[in-house]
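Step one of this worksheet: look at the structure below.
The values are calculated or read from the model by the stated rules, or taken from the named source; none is laboratory data. Worth saying up front: this structure is predicted, and the values here are computed from it rather than measured. Cβ sites come from the backbone with ideal geometry, for glycine too, and all protein chains shown count toward neighbours. Note: accessible area is taken over every heavy atom of the protein model, side chains too, but ligands, DNA and RNA are not part of it. Shrake-Rupley method; radii C 1.70, N 1.55, O 1.52, S 1.80 Å.
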Amino acid sequence: MPSFEFEKLYTNKTIYGIDEAGLGPLAGPIVVASCYIQNQSLSDELLENINDSKKLTKKKREYLFEIITNTSNIEYSIAIIENNSIDEIGLANAWKHGIINSVKDKFPNVCLIDGIKKFAIPNCISISIVKGDQKSFSIASASIIAKVTRDRLMQKVHDEFPEYGFDKHVGYGTKQHIETLMRLGPCKYHRLSYAPVKLAASNLEEAFN
């Protein structure tokens, strides 16, 4: 379960936990969230329930999202990197841009970043933590914010293109998504630089030639 173990290593510092949602999908944006728990004093409800967003039900994530984003001693920020930007600059750079943008104008002293990849944020101590969303309250809170935000965005995508089933797979390359992609071709929210999407677009082009 998450704790303040890493945050307590840096007393009297502004510490942001950072996590993302959406690196792997074939469609939709990457959403990066940063979260600063100002005095590490949370309600028992949050302390007992905040966890890696992947370990929570959708209902639980939504519930905790509302509490986190309305708790006075928690500051947060969200950066959204759209699919066309991912195609243009590449996944790794999109991830980096998201991290930088999520703490832009926040002036953190320390950033705790979920994941194995090391990334230095200018003018602060940057620490990458493997499975950080299971170890740090700040990162776990950010993971919930990122996941819920992205899921809500993908619901809007589904409303526009219901035939793809984005409300179920939220852009990930499930069997149903791949089959629909191959049949219909990509929509404007697909990542055209991704191999399955490229193939679907190529097949569709050949069918009309």
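Side notes on the structure shown:
- Residues that are touching a Leu at 6+ places or on another chain (Cβ under 7 Å) and open to solvent by less than 60 Å² (accessible area, probe 1.4 Å) were ranked within segment 81-109; the one that is nearest to CYS35 (Cα to Cα) is TRP95.
- When PRO108, PRO122 are checked against the criterion of being over 25 Å from PRO25 (Cα atoms) and free of Cβ contacts under 8 Å to residues at least 24 places away in the same chain, a single residue qualifies: PRO122.
- Only residues that are of a type in the set (Lys, Arg), open to solvent by less than 10 Å² (accessible area, probe 1.4 Å) and closer than 22 Å to ASP52 by Cα were counted in segment 136-191, giving 1.
- Taking the criterion of being open to solvent by 70 Å² or more (accessible area, probe 1.4 Å) and part of a strand (DSSP E or B), the only residue of segment 110-126 that qualifies is ILE125.
- Some residue of segment 69-80 being under 18 Å from PHE119 (Cα atoms), in contact (Cβ under 8 Å) with a residue 40 or more places away in the chain and open to solvent by less than 50 Å² (accessible area, probe 1.4 Å): yes
- Exactly one residue among MET182, MET154 is over 19 Å from the mean Cα position of the chain (by Cα), hydrophobic (A, V, I, L, M, F, W, C) and either assigned to a helix (DSSP H, G or I) or under 23 Å from ASP87 (Cβ atoms) (or both), and that residue is MET182.
- ILE139 in contact with a Leu (Cβ under 7 Å, 6 or more places away or on another chain) and touching a residue at least 24 places away in the same chain (Cβ under 8 Å): yes
- For TRP95, the conditions (1) aromatic (Phe, Trp, Tyr); (2) under 13 Å from ILE18 (Cβ atoms); (3) more than 15 Å from the chain's Cα centre (by Cα) are fulfilled apart from (3).
- Annotation: of all residues in segment 9-46 being on the phi < 0 side of the Ramachandran plot and without any contact (Cβ under 8 Å) to a residue 24 or more places away in the chain, the one that is surrounded by the most Cβ atoms within 10 Å (Cβ to Cβ) is LEU9.
- Screening segment 1-109 for strands (runs of 3 or more DSSP E) wholly inside it with 2 or more residues that are of a type in the set (D, E, K, R) returns the ranges 15-21.
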